[in-house]
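**Student:** Got a structure for you, questions after.
Bear in mind these aren't lab numbers, they're just calculated from the coordinates by the rules spelled out. Keep in mind that this is a model prediction, so the values were computed, not measured. All Cβ positions, glycine included, derive from the backbone under ideal geometry; neighbour counts span all protein chains shown.
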Amino acid sequence: MNLSAKTEYACLAALDLAAHHDAGEPVRIRDIADRHGIPARFLVQILLQLKGAGLVSSTRGASGGYQLARPPEEISLGEVITVMEGRPTSPQSSATRQTPAARVLLNVWRRAMEAQYDLLDSYSLAQLSERARGETEMYYI
């Protein structure tokens, strides 16, 4: 799986918003950018794209920022990736002849792509946020 930096940053931002969801307060762009090393100007574009897809909402003003539009249990990693990358089209064969071998390979590639997105859709932001919290706590001594 090959994801763009933009998609990775979108996933990091979504996980950050999931981690702060229970506080009920919007999270400032600068805070997300600083925590994850994401250029703030780039993050603005990413959050606007997530907002356009209905995954996040924004609040203006001094105490404004972004929040998840739905509970983190209801948003999957696959959903965030799909907003940023789009759902890939089914693999196509480059073979000039549709031999049985070419058809078998194409079928395997299609099943692999479907399995990949099924896996991504099976992880909610809440689950991943909880895992990340556990990783952080595990390394403190």
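**Student:** For every helix of n ≥ 4 consecutive DSSP H residues, a contribution of -39,500 (n - 2.57) applies; sum these over the chain, divide by its total residues, and give [θ] at 222 nm rounded to the nearest 500 deg cm²/dmol.
**Tutor:** -18500 deg cm²/dmol
**Student:** What angle, in degrees between 0 and 90 and rounded to the nearest 10, separates the Cα long axis of helix 5-19 from the longest principal axis of the Cα atoms of the chain?
**Tutor:** It works out to around 50 degrees.
**Student:** Which order, highest average first, do 40-50, 112-122, 22-32, 5-15 follow once you tally other Cβ atoms within 10 Å for each residue and take the mean per peptide?
**Tutor:** 5-15, 40-50, 22-32, 112-122
**Student:** Order 66-74, 102-110 from most to least packed using the mean count of other Cβ atoms within 10 Å.
**Tutor:** 66-74, 102-110
**Student:** I would also like to ask the following. May I ask you to derive the relative contact order of the chain, considering only C-alpha pairs under 8 Å and at least 6 residues apart, and to give it as an integer percent?
**Tutor:** 29 percent
**Student:** Amide H of Tyr123 versus every other amide H placed in the peptide plane: which residues, excluding those fewer than 5 positions away on the same chain, fall under 5 Å?
**Tutor:** Placed amide hydrogens put Leu77, Gly78 under 5 Å from Tyr123.
**Student:** Could you go through region 89-94 in sequence order and give the Karplus-derived ³J(HN,Hα) for each residue, using 6.51 cos²θ - 1.76 cosθ + 1.60 with θ = phi - 60°, rounded to whole Hz, and x for Gly and Pro?
**Tutor:** Per-residue couplings from phi come out as 6, 4, x, 10, 7, 9 Hz.
**Student:** Which residues' amide hydrogens lie under 5 Å from the amide hydrogen of Ala69, considering only partners 5 or more residues apart or on another chain, with H built in the peptide plane?
**Tutor:** Those lying under 5 Å, H to H, from Ala69 are Val56, Ser57.
**Student:** When Lys and Arg each count +1 and Asp and Glu each count -1, what net charge do the other residues less than 14 Å away from Ile32, Cβ to Cβ, add up to?
**Tutor:** 0
**Student:** On to the next question. What dipole magnitude, in Debye to the nearest 20, does the chain give about its Cα centre under +1 on Lys/Arg Cβ and -1 on Asp/Glu Cβ?
**Tutor:** Its charge dipole is roughly 680 debye.
**Student:** Would you work out if the chain is rounded, prolate or oblate? Take a ≥ b ≥ c from the square roots of the eigenvalues of the alpha-carbon gyration tensor; rounded if a/c is under 1.5, else prolate when a/b is larger than b/c, oblate otherwise.
**Tutor:** Since a/c reaches 1.5 and a/b is larger than b/c, the shape of the chain is classed as prolate.
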